[in-house]
Amino acid sequence: MSDAASSEVPGSASTSPPVIHLSDLLGQPVVARSGDTVGKVEDVVVRLAGADVYPPVTGLVAGIGGNRAYVPREQIAQWAHGQVQLSQNKVNLRAFERRPGEVLLRADLLDHRLIDVPAAELVHAYDVELEVTGTDWVLASLDTRRPARLFGLIKRGGGHASRDWKSFEPLIGHQQSSLERRTKGRFNKLKPAQIADLLEDADKLEGGEILDRIHSDPELEADVFEELDPDKANKLLDNMSDDDVAGVLARMRADDAADAIFELRQSRRRRVLDLLPAGQRTKVITLMGFNPATAGGLMSVDVASCSMASTAEQAISILAGSSTLQPEALLNIHVLNEADELVGVVSVIGLLQSAPDTPVLEVADLDPVRVTPAADVTDIALLMADYNLVSIPVVDTRDHVLGVVTFDDLLEATVPEDWRRREPAPHPIFRETASEETVMDNRDGSGRG
């Protein structure tokens, strides 16, 4: 910390600006009450306290005579004049050991990447700001703007681009603190597609912690793997055990699970298939028999259907009870005769706009567009565009419904590969910094949780 910015411990009478940058604090001498220098600041310790609470500083890690010793915040008299002044002469030299829930600002945050939750992207932390709340020092902000450089050296003093700590989720840290980071963090605000994007951008260590977070929620884990780029999903699955791979695929949509198994090494496919639940295994094996670039390879085998004698109310009841099917497959219900042949398709909107006792045959399209399993992606796209369809049934030669291709499956199959690799558009987010007045109002103790 520079000489011009002295800050006393909370509760003192100092009127100096109550802000300290970690980059200034690191390396400062630690001075005993007697005036003797006993060591240097190596790190600052904060404790996680919940997603809506700014983590309080619990102490410092000081390098003293070759040891890393812990200095509790209560023993710090003030941070002033380029040094940390202690309130006593003796320091416990026992080696520092991190406790669950603690974050080391230098080791865990500085020059690491964190999740920017509102933007759903990984950002670099170039500095950390500590602020006084009136009763404590807290981790308040991160500086995510790369410092200017002059002749290859970092040029300080160009200002800071501080962002509220509550916008971020830390990643690389103490393994024993992972449970507290999981329960007290903001990770659960992210959607599966956003988490998949993070995984695709993450390095090995970052990705490992993200995977650890989602592994505790099997349904979320399956949703994320459905959203992953196939190459990335394959790399991640390749590093997992057969049991873990089967656990993920068992909860995925059968068409996505079939695609994932196709990407596995041939020596693993049979082992993983044998570990799948019987119902999922049957669906996956069926889909693996089709070319992935055809209707048979794209379709979902979970289909909502009703009999010709059903009423609108009965059809809606069938849809309401189909909670295990993907929502996109429930936009239409397929009307079958006694031989299980397709005779019509009726939309959910058509059912909702009909009287409950209306026969489904009165509101169904009795000559629905359909395709065979061999239909290619281009043909399907043209049919869905020409007839304004959100889904299209796939039938065999006897008009038995084999599955349904939904609009999201079609989009995924038709989006060009170079589109997937291009720089994404700016995220439509609302940042805390939108209102400077709101931010300034939170600078007193009342906004610190």
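When every residue of the range 376-388 is checked against the conditions, none turns out to be among the β-branched types (Val, Ile, Thr), at pLDDT below 95 and part of a loop (DSSP other than H, G, I, E, B). Based on what the data block shows, is Ala49 on the phi > 0 side of the Ramachandran plot, within 29 Å of the chain's Cα centre (by Cα) and aliphatic (A, V, I, L, M)? No: the conditions fail for Ala49. Screening Glu131 with (1) modelled with pLDDT of 85 or more; (2) touching an Asp or Glu at 6+ places or on another chain (Cβ under 8 Å); (3) surrounded by 18 or more Cβ atoms within 10 Å (Cβ to Cβ) gives one miss only, at (2).
Residues in the range 172-188 that are within 11 Å of the chain's Cα centre (by Cα) and either open to solvent by less than 50 Å² (accessible area, probe 1.4 Å) or modelled with pLDDT of 85 or more (or both): Arg186, Phe187.
Residues in the range 264-274 that are under 28 Å from the mean Cα position of the chain (by Cα) and open to solvent by 20 Å² or more (accessible area, probe 1.4 Å): Arg265 alone. Can you tell me which residues in the range 72-102 are surrounded by fewer than 17 Cβ atoms within 10 Å (Cβ to Cβ) and among the polar types (S, T, N, Q)? Once the filter is applied, which keeps residues that are surrounded by fewer than 17 Cβ atoms within 10 Å (Cβ to Cβ) and among the polar types (S, T, N, Q), the range 72-102 yields Ser87, Gln88, Asn89, Asn92. For the range 275-298, the criterion of being over 32 Å from the mean Cα position of the chain (by Cα), touching a residue at least 24 places away in the same chain (Cβ under 8 Å), open to solvent by less than 50 Å² (accessible area, probe 1.4 Å) and under 21 Å from Asp399 (Cβ atoms) is satisfied by no residue at all. Going through Ala120, Ala69, Ala125 one at a time, which residue ends up being at positive phi and crowded, with 18+ Cβ neighbours inside 10 Å? None of the other options fit; the residue is Ala120.
Within the range 227-250, the set of residues being over 15 Å from Gly208 (Cβ atoms), surrounded by fewer than 22 Cβ atoms within 10 Å (Cβ to Cβ) and either in contact with an Asp or Glu (Cβ under 7 Å, 6 or more places away or on another chain) or among the acidic types (Asp, Glu) (or both) comprises Glu227, Asp229, Pro230, Asp231, Asn234, Asp242, Asp243. Criterion applied to Ile318, Ile333 was being β-branched (Val, Ile, Thr), more than 20 Å from Phe407 (Cα to Cα) and under 39 Å from the mean Cα position of the chain (by Cα), and the one residue passing it is Ile318. Taking first residues from the range 106-119 that are farther than 19 Å from Lys204 by Cβ and in contact (Cβ under 8 Å) with a residue 12 or more places away in the chain and partners that are among the hydroxyl-bearing types (Ser, Thr, Tyr) and open to solvent by 20 Å² or more (accessible area, probe 1.4 Å), the Cβ contacts under 9 Å between residues at least 6 apart in sequence or on separate chains come to Leu110/Ser23; Leu110/Tyr126; Asp116/Thr144.
Screening Val224 with (1) of a type outside the set (Gly, Ala, Ser); (2) under 20 Å from Ala254 (Cα atoms); (3) out of contact with any Pro (no Cβ under 7 Å at 6 or more places or on another chain) gives one miss only, at (3).
Scanning the range 43-66 for residues that are of a type in the set (A, V, I, L, M, F, W, C), within 17 Å of Arg106 (Cα to Cα) and open to solvent by 10 Å² or more (accessible area, probe 1.4 Å) turns up just one, Leu48.
Residue by residue, here is whether (1) open to solvent by 40 Å² or more (accessible area, probe 1.4 Å); (2) touching a Leu at 6+ places or on another chain (Cβ under 6 Å); (3) among the aromatic types (Phe, Trp, Tyr); (4) within 30 Å of Ala193 (Cα to Cα) holds:
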| position | (1), (2), (3), (4) |
| --- | --- |
| Gln353 | yes, no, no, no |
| Pro356 | yes, no, no, no |
| Pro368 | no, no, no, no |
| Asp386 | yes, no, no, yes |
| Thr397 | yes, no, no, no |
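Restricting Ile261, Ile210 to those that are hydrophobic (A, V, I, L, M, F, W, C), closer than 21 Å to Ala196 by Cβ, more than 21 Å from the chain's Cα centre (by Cα) and open to solvent by less than 30 Å² (accessible area, probe 1.4 Å) reduces the list to Ile261.
The values are calculated or read from the model by the stated rules, or taken from the named source; none is laboratory data. As the structure is a computational prediction, the values presented were derived from the model and not from experiment. With ideal geometry, Cβ positions are generated from the backbone for all residues, glycine too; neighbour counts draw on all protein chains shown. Surface areas here come from the heavy atoms of the whole protein model, side chains and all, with no ligands, DNA or RNA. Shrake-Rupley method; radii C 1.70, N 1.55, O 1.52, S 1.80 Å.
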